[in-house]
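Nothing in this text is a laboratory measurement; each read-out follows from the coordinates by a stated rule. Since this is a predicted model, take the numbers as computed values, not measurements. Note that each Cβ is placed from the backbone with ideal geometry, even for glycine, and that neighbours are counted across all protein chains shown.
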């Protein structure tokens, strides 16, 4: 599955903040438990966004560890730098870059860990990129990618199908990477391991849910009025809307 490249850093940051504030579980804590940081590591975050993973990793790889965050959106890089400054994190380098050229741009460099959270599928050829990232790993290095798991956003998809043209309505969410794609990539690595986190985010007001949807890839502006009415009616029936946010993580070992 290849998705349309997103360069609106503000929309991405808004979704990230909403998910973090309303989620039952922490994506950062889960990721750090799947691939624990070690002092002295050199880490690369591919599509780092506002620093959701690279910043907590950088705090935990001292002494001696360094991190590089790369993202296509200038707003995201500015946010990473600002957050690092506020937190006193000095062992990070955040810079602009493109998924489709990142391997060539960093040729010759080596990392102990490469991470990519909710970003890798924006590459023109995700499978090729995952294979090529092996060249940036040192001996014993690891590549950890995570993104939407099957069932994510199913409640919103069900609501949208009631009011949005079926030809426009988003299809049910599948894993961001298929079993066939994983097997294809695995040939470039010594082993692969899958992890899943079952999660939900909760909305207590119609306005909050509509704000989230307005920044999501499923948003169709021409249906704003219909969706707003449907969401308002939904909150008349229930005082909370729970949205599934399952996560699939794939760990490739060099």
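Results, tabulated for the structure shown:
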read-out	value
Helix-only [θ]222 nm of the chain, DSSP H runs n ≥ 4, -39500 (n - 2.57) each, per residue, nearest 500	-10500 deg cm²/dmol
Gain upon complete extension [residue 26, residue 95; 0.36 nm per residue less C-alpha separation]	22.3 nm
The chain - share of DSSP beta bridges that are antiparallel (%, nearest 5)	50 percent
Length added when fully stretched, residue 174-residue 236, from 0.36 nm per residue minus Cα-Cα	19.3 nm
Shape of segment 114-163, Cα gyration tensor, a/c cut at 1.5	prolate
Efficiency of FRET between residue 224 and residue 154 - r from beta-carbon atoms, R0 22 angstrom, step 0.05	0.55
Segment 183-254 - percent relative contact order, Cα under 8 Å, separation 6 or more	62 percent
Gain on full stretching of the segment that runs from residue 186 to residue 62 - 0.36 nm per residue minus C-alpha separation	41.6 nm
Value of relative contact order over the chain, rounded to a whole percent, pairs C-alpha under 8 Å and six or more apart	22 percent
Calculated mean projected area of the Cα convex hull in nm² (choose from (i) 19.7; (ii) 13.3; (iii) 21.4), label	(ii)
Euclidean distance between Cα centres, segment 51-71 to segment 125-149, Å	17 Å
Segment 201-254: C-alpha gyration tensor shape, a/c 1.5 cut-off, then a/b vs b/c	oblate
Residue 107-residue 200 FRET efficiency (beta carbon distance; Förster radius 45 Å; 0.05 resolution)	0.65
Rounded tilt (10° steps) of 74-87 against the dominant C-alpha axis of the chain	70 degrees
Separation of the residue 165 and residue 207 label points, Cα + 7 Å toward Cβ, nm	3.2 nm
Shape call, segment 40-123: gyration tensor on alpha carbons, a/c limit 1.5	oblate
